[in-house]
Amino acid sequence: MAAMTDMPPSAPLDAAAVAHLQAWQGKSETLHDRAALQPLAALSATLGRDEPAPTAGNTVPPLWHWLYFLPLAPRGEIGPDGHPRRGGFLPPVPLPRRMWAGARLKWEAGNPLRAGHELSRASTIDSVAHKSGRSGELLFVQVTHRYANDAGLALTEEHDIVYRPMPAPGSAAPAPQKPPLAGQARWSRSVQADPVLLFRYSALTFNGHRIHYDRDYATQVEGYPGLVVHGPLLATLLIELLKSEMPGAQLLGFDFRAVRPTFDLHPFTVNGRPSADGRSIELWTEDHEGWLTMQATATVT
């Protein structure tokens, strides 16, 4: 592991600091955006889809709503990690590492998000929880986003964010785990997340986090062995696998959690196994050594 130079370990959070952060619970905001066509075409190209350009009224593919409601922080408000500086809607958590830990999504049947249409997103901070784990203290923030169009609620997303300290030099990584369905995948596809793919996805989602495109920062400051594949990109690739194998399926729900970082150094696999009735699909990603990196469940009709 490379030496970390620019971001010293943060001091432990005491009871007063946790109470201050928990004052953000219940905070809400509502934003408005249009489901523009160009980002949909750009993500389609990024994922290597061979299909006609989207037109107004097309259904926004599952998880592609992450192309909208982007955090447009001015350059002067960007922190050293490339994220917007802490504070504002989200609490100002001093722990330096911030990651997308997982999400639970539910689509409203018969009311999809559509390209070219006006959208709103009402967001509420549900909880701020402080815990201690094997890798040190953790702070979890859960945010619920409700996406709506002219016809009403279309999608509800519970988004989990985890903050953690930098690992101490020489500290052991958490023990890896094998997928519960290792060797039982019905579908499997190998993916090489090269730096161009990671850069393009970062650009499309306006994600400035340097661990995804700045190799020197990722290895020398945050101590990773390579560039980190975005959690939302992994989730999107799992849904792409499902849609390619079950093109007529309509997604009702999707739950996923990040288990272990995936890096650009080696190919990884996206895998799936449908239930006997085909309505529930277990999905997961494995790194090149077969370790579980993301686990998910989709519900379809």
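The values are calculated or read from the model by the stated rules, or taken from the named source; none is laboratory data. Note that the structure is a prediction, hence the values are computed from the model and not measured. Cβ placement follows ideal geometry from the backbone for every residue including glycine, while neighbour counts extend to all protein chains displayed. Ligands, DNA and RNA are excluded from the accessible area calculation, which covers all protein heavy atoms including side chains. Shrake-Rupley method; radii C 1.70, N 1.55, O 1.52, S 1.80 Å.
For the structure I just gave you, tell me whether PHE263 is open to solvent by less than 40 Å² (accessible area, probe 1.4 Å), among the aromatic types (Phe, Trp, Tyr) and modelled with pLDDT of 95 or more. First the steps, then the outcome.
Working: open to solvent by less than 40 Å² (accessible area, probe 1.4 Å): no; among the aromatic types (Phe, Trp, Tyr): yes; modelled with pLDDT of 95 or more: yes.
Criteria not met by PHE263.
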| remark: Just one listed residue, out of ILE239, ILE211, is closer than 18 Å to ALA103 by Cα and among the aliphatic types (A, V, I, L, M), and it is ILE239
| message | So in the stretch 1-47, with the set limited to residues that are modelled with pLDDT of 95 or more and in a loop (DSSP other than H, G, I, E, B), which one is least open to solvent (accessible area, probe 1.4 Å)? | response | ALA35
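Listed here are the residues, each with its yes/no results for (1) farther than 24 Å from TRP284 by Cα; (2) among the polar types (S, T, N, Q).
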{"position": "ILE125", "(1), (2)": "yes, no"}
{"position": "THR144", "(1), (2)": "no, yes"}
{"position": "TYR147", "(1), (2)": "yes, no"}
{"position": "ALA154", "(1), (2)": "yes, no"}
{"position": "PRO176", "(1), (2)": "no, no"}
| Pairs, please: C-beta under 6 Å, at least 6 apart or cross-chain, first residue over 15 Å from SER188 (Cβ atoms) and in the stretch 254-279, second surrounded by 16 or more Cβ atoms within 10 Å (Cβ to Cβ) and of a type in the set (Lys, Arg)? | ASP255/ARG104
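Could you check the stretch 62-102 and list, in sequence order, the residues that are of a type in the set (Lys, Arg) and either in contact with a Gly (Cβ under 6 Å, 6 or more places away or on another chain) or open to solvent by 40 Å² or more (accessible area, probe 1.4 Å) (or both)?
Correct list: ARG75, ARG85, ARG86.
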| query | Looking only at the stretch 74-116, which residues are in contact with an Asp or Glu (Cβ under 7 Å, 6 or more places away or on another chain) and farther than 23 Å from LEU21 by Cβ? | reply | LEU105
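Taking the options ALA175, ALA168, ALA154, name whichever one is of a type in the set (A, V, I, L, M, F, W, C), at pLDDT below 95 and under 30 Å from SER275 (Cα atoms).
ALA175
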| field | Residue list for the stretch 222-260, filter: open to solvent by 10 Å² or more (accessible area, probe 1.4 Å) and either touching a Cys at 6+ places or on another chain (Cβ under 8 Å) or of a type in the set (Val, Ile, Thr) (or both) | value | VAL259
